[in-house]
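Trainee: If you scroll down you'll find the structure; I have some questions about it.
Values quoted throughout were computed directly from the atomic coordinates according to the rules given, and no laboratory measurement underlies them. No experiment lies behind these values; they were computed from the predicted model shown. All Cβ positions, even for glycine, are placed from backbone atoms using ideal geometry, and neighbour counts span all protein chains on display.
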Amino acid sequence: MAAHYQHEQTAEDTRLPEVASESGLEAAYPTPTPYRGDEYPEYISTPSDVVLETKPGNANPADSYGKTRRSYCFGLSRKAFWITIGVLFVVLAAALGGGLGGALSHRSSSDKSTSNTTPSVNQPPGDLPPGNNTKSELGPFLNSQLAATNWTGSDGEARRAVFYQSAGSLLVSVVKGSDDTETWTQVNITALFEQDADWSPPRDGTPLAATAVPWQGLDQDFFVGLFYIDVNGLVRQLNSKPNDYDIQGWIRGPEWDVATTHAAGNDSRLSSVAYYCPTGCLQHQCITYQDAGRQVWLACGDNWLVRKPMVIAYPGSPLSIITLPNLPMEDGETEINVLRCFYYTDTDIRDFNYNVGGNGTFIQDPITIVSSLQSGGSADTLPQVAASPYDSFAKNTVIAREYTGNIIVSWWYNDWNLNKRANFINEDGSTTQDSPNVNLSAIEMDYDHHFYSVAADGSKIIQYEWTSDSPLWFNWTSTVISA
């Protein structure tokens, strides 16, 4: 893997200023670099709702037509026209009077038999861009982002969790067992805190990040850490209670008390990773987020007051961070102590790595992981990315969703296989390429071969499964929750 890296000290876009490392509350945030059309062409767009005014001096053709034909209406003189209208009015009034009593007598049964013409929330947005349905039938998960994680409890049972937002609340659905027919159980995390005076609610559409501590063999208490951005733009941490393998109870995490250290930009995304291993790791959770100056930061639980600059990325860049193996140890095993963070430039998904070779520094991977991604021209329509290691961390896969809804896959095993088209087996058994038969918005992956997404109309959250042998095929397995 080392052959794929080169050491760098600056961000990929060398025209952008470097940001000095700083620690904690005394940090001075970098001044945002202004947008330039030649640097960020995808942020230049013409609003579709602009109404152009008529230029002075240009007569309206309809006005001219009305003036030249003002003596006639539908071929009749004005007098004859109004006489005809009067006769029609009398006839219509008589007809309405005769039918009114019958209509009122059947009003109740008529109301019951009238069909509901409002489309179901399960109807795809149709001609609207994926993730941008503005019709009144939108579901409760519209604009929600996702986080997902998985773990094994002390009872040996596997568990998976998907975090999301609805009506301002942070929610999680948990399933126990490896059978995809098992029932998901929902927990309202916000309800456990919202009466507290110091509760800081999430902003609407907050990014979410979650990781489970790999407690087995590490002398660690199990917990799941959930990170979100609050209404003040601060990253916040909530933890499930220690050794609560069904994550029903929640407490504030240690990052909560120093959240002012981690002020995120308005369009920042989040990612998190459990950076635990027998040797060479911090034995804590780590997060990445982006500030108002586009700098992506890495911060970890060994000292939440300290953060390290990683790379200057595109405004609102998607983020996903995972662990990877480093150099083989003497017994032939591989230490899982490298961090790989995926982010977005103006067109591509790239990655930035930490601790390659065990040297505790950052290096830039020269490989473009996913290239030529289409964007809708605003922060809300940037591509999304989700990454997951698999097969004992020896491999990893990266899924990117374009603004168009297309899913593109790249995966790594000794070398990269780049920019492959995804295939879907849908709930109805049909197969589609590039995207499922349901428009998708937010996406996420766990570490157990599952891919999750919010339906673009906000009506449901969907789970797909993939295998190591077929990383380009995603099979619908269940609906996590629906309206």
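Trainee: Which parts of the stretch 200-232 would a label at Asn243 reach, counting a residue when its backbone N lies under 12 Å from a point 7 Å out along Cα-to-Cβ?
Mentor: Answer for this model: 220-223.
Trainee: Here's another thing I want to ask about it. Could you check the spin-label model distance between Val231 and Asp428? Points 7 Å from the Cα along Cα→Cβ, value in nm.
Mentor: Each label point is offset 7 Å from its Cα along the Cβ direction, giving 4.2 nm.
Trainee: Take peptides 168-179, 263-274 and line them up by average Cβ neighbours within 10 Å, highest first, as a rough protection proxy. Numbers along the way, then the final one.
Mentor: Numbers: 168-179: 17.8, 263-274: 22.7.
The densest-packed peptide leads the list: 263-274, 168-179.
Trainee: Moving to a separate point now. Toward the positive end of the charge dipole of the stretch 330-470, about the Cα centre and with charges on Cβ (Lys, Arg +1; Asp, Glu -1), which of Thr347, Pro436, Ala422 goes farthest?
Mentor: Thr347
Trainee: What's the magnitude of the charge dipole for the stretch 213-319 around its Cα centre, counting Lys and Arg as +1 and Asp and Glu as -1 at the beta-carbon? Answer in Debye, nearest 20. Mind showing how you got there, number by number?
Mentor: Numbers: 7 positive and 10 negative charges, 67 e Å.
It comes to approximately 320 debye.
Trainee: On full extension of the chain, what length is gained from Leu305 through Asp469, given 0.36 nm per residue of separation minus the C-alpha to C-alpha distance?
Mentor: On the way: separation 164, 0.36 × 164 = 59.04 nm, distance 4.24 nm.
54.8 nm is the gain from fully extending Leu305 to Asp469.
Trainee: Something else: Within the stretch 242-286, list the residues whose amide N lies under 16 Å from a label point set 7 Å along Cα→Cβ of Thr185.
Mentor: 242-250
Trainee: While we're here: Which of rounded, prolate, oblate describes the stretch 168-323, given a ≥ b ≥ c as roots of the alpha-carbon gyration tensor eigenvalues and a/c under 1.5 marking rounded, otherwise prolate only if a/b is larger than b/c? Working shown, then result.
Mentor: On the way: a/c = 1.59, a/b = 1.20, b/c = 1.32.
Oblate shape, in that a/c is at least 1.5 and b/c is the bigger or equal ratio.
Trainee: Once you have the Cα-Cα distance between Asp196 and Asn417, take 0.36 nm times their residue separation minus that, and quote the gain in nm to one decimal. All intermediate terms of the calculation are to be shown ahead of the outcome.
Mentor: On the way: separation 221, 0.36 × 221 = 79.56 nm, distance 4.92 nm.
Working it through step by step, the gained length comes to 74.6 nm.
Trainee: So, one more: Using a 10 Å cut-off on Cβ atoms, rank the peptides 416-426, 431-441 from the highest mean neighbour count down. Can you show the working numbers first?
Mentor: Details: 416-426: 17.0, 431-441: 18.6.
In descending order of packing, they fall as 431-441, 416-426.
Trainee: Using a ≥ b ≥ c from the Cα gyration tensor of the stretch 354-483 (square roots of the eigenvalues), is it rounded, prolate or oblate, where a/c under 1.5 gives rounded and otherwise the larger of a/b and b/c decides, a/b for prolate? Present the calculation step by step, with values, prior to reporting the outcome.
Mentor: Values: a/c = 1.89, a/b = 1.47, b/c = 1.28.
Note, shape of the stretch 354-483 comes out prolate.
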